[in-house]
Number of protein chains: 2
Amino acid sequence: MSQSQSPKKIRQKKLKEYLQENPFLTDDDLAEIFGVSVQTIRLDRLALGIPEVRKRIKSVAEEAFGGVRSLDEGELLGKLLDIELGQYAVSVMDITKEMVSEHGHVRGHVLYAQASSLAIAVIDSEIVLTGSARVRFKRPVLLGEKVIAKATVKTRKGASYLVSVHSKVDNDLVFKGHFIMVAPEKKRQ
Amino acid sequence: MSQSQSPKKIRQKKLKEYLQENPFLTDDDLAEIFGVSVQTIRLDRLALGIPEVRKRIKSVAEEAFGGVRSLDEGELLGKLLDIELGQYAVSVMDITKEMVSEHGHVRGHVLYAQASSLAIAVIDSEIVLTGSARVRFKRPVLLGEKVIAKATVKTRKGASYLVSVHSKVDNDLVFKGHFIMVAPEKKRQ
DNA sequence: GCTCGTATTAGTACCAGATATTATAAACAA
DNA sequence: TTGTTTATAATATCTGGTACTAATACGAGC
């Protein structure tokens, strides 16, 4: 063992990171990846307090399942809080470390993605595409903050919709965008 | 059995709805809820083609994980082909299945992310944020296509840059955007 | 009544991916 | 050499199933 980092500690640290990235791996998979026995992996998980693969998967699923479950939206970024199809939709997104740059600022495309996917969800049509968008970032968003976006359908001309999205952190406007959405196919009802 | 609805059919229909609402229930739970034996539930699931609870949970988890996954790709989305700091940058991105919706169209925020991250990369400064953007999607992009984006710095006013991005598939314009980028800190050199 | 057919329930063997525990081997330091 | 940590192995047990076979219940038709 010895000074700075025993191979055990290193492996356990990597294991933790690995499972954060991909919680779907079984102990068997992990044993192969790390070149150790299954029992060693189990001991490591025990030491680190990491639950078994099925519980990990369940946690991921439950987290995602929290919001309003109206449409099939693996598409949506963030958690849908409220929706009135064709009128408005609200979602919340927690800023995790994968979303920020090395300087701690949320990358703009993350806020854009939340807004854009919400604009898609609010339109009552099977297929919805973005035609164009104008977005403005009002202030940087930081790690750990909670962004609440609200999309409102403003006008509709045929298959074309104007959707406005406002995103706030603690009631503080951080992002504003106008999306022209197009629903090329027939409407749902 | 008889006329309109046999009790079996009714139960199976309800079972299906029930699991859509709550995929986390075991056969044991379901047997209790419906007041039938576990075996009956299993037969029903078999008839309806509904997988076991662990597979249902896994599906929910994977769907949710795919969403965050697609923007998790590090700082730059796509592969940088060429760059002249402060002038232009070119990147290429292969459209993989995580990037497309169930209808096979690339989600707009993916193209936005490629463009936006390229606009950040082209500016010669430590910290770069997007101030605002105007984007236009010219035609849908499909699974398997290869998107080449080119970002060009048009003008600069102090800490503010205007970057124009054009993305093409087979020399066919699919996306066009103007980004106002801000580099609030001191420049790199 | 009896018989046929569907629906339901029961029982058994097996599987994946674990937990929990005990035993043994290897690696190395004092 | 002796002791300690680390790794591996082996075994019993658990959950929530699949897959298959067998037994039973229930109603319809005659």
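Let me make sure I get this right: for region B:7-68, a, b and c are the square roots of the gyration tensor eigenvalues over alpha carbons, sorted descending. Under 1.5 in a/c it's rounded, otherwise prolate if a/b > b/c, else oblate. Which is it? It comes out prolate by the Cα gyration axes. Compared with the dominant principal axis of the Cα atoms in chain B, helix B:7-21 is inclined by about 30°.
The accessible-area loss of region B:122-170 on complex formation, taken against its chain alone with a 1.4 Å probe, reaches 10 Å² or more at B:Glu126, B:Ile127, B:Leu129, B:Thr130, B:Gly131, B:Ser132, B:Ala133, B:Arg134, B:Val135, B:Arg136, B:Phe137, B:Pro140. Distances, shortest first, from the label point of A:Lys146 to those at the same position in the other copies read 4.6 nm; the point lies 7 Å along Cα to C-beta. Averaged over the residues of peptide A:113-121, the number of Cβ atoms from other protein chains lying within 10 Å of each residue's Cβ is 3.
Overall, the anisotropy analysis places chain A in the prolate class: the square-rooted eigenvalues a ≥ b ≥ c of its C-alpha gyration tensor yield a/c not less than 1.5, with a/b exceeding b/c. Computed with a 1.4 Å probe over protein heavy atoms only, the accessible surface of region B:7-68 comes to 63 Å² per residue. Here B:Lys168 yields copy-to-copy label distances, from shortest upward, of 4.5 nm, the label point defined as 7 Å from Cα along Cα to C-beta. Computed from the C-beta positions of B:Glu21 and B:Glu75, the FRET efficiency with R₀ = 45 Å rounds to 0.65.
Report the calculated FRET efficiency for B:Ser59 and B:Asp82 (r = Cβ-Cβ distance, R0 = 41 Å), to the nearest 0.05. Efficiency, rounded to the nearest 0.05: 0.50. With the helix formula -39500 (n - 2.57) applied to DSSP H stretches of n ≥ 4, chain B reaches a computed 222 nm mean residue ellipticity of -11000 deg cm²/dmol.
When you filter the GluC sites (Glu not before Pro) in region B:101-178 for DSSP loop state and at most 12 other Cβ atoms inside 10 Å of their Cβ, you are left with B:Glu102.
The values are calculated or read from the model by the stated rules, or taken from the named source; none is laboratory data. Bear in mind the structure is a predicted one, so any value in this text is a computation, not a measurement. FYI the Cβ positions are ideal-geometry reconstructions off the backbone, even for glycines, and counts take in every protein chain you see. The protein model used for the area step is the full one, side chains on, heavy atoms only, and it has no ligands, DNA or RNA in it. Shrake-Rupley method; radii C 1.70, N 1.55, O 1.52, S 1.80 Å.
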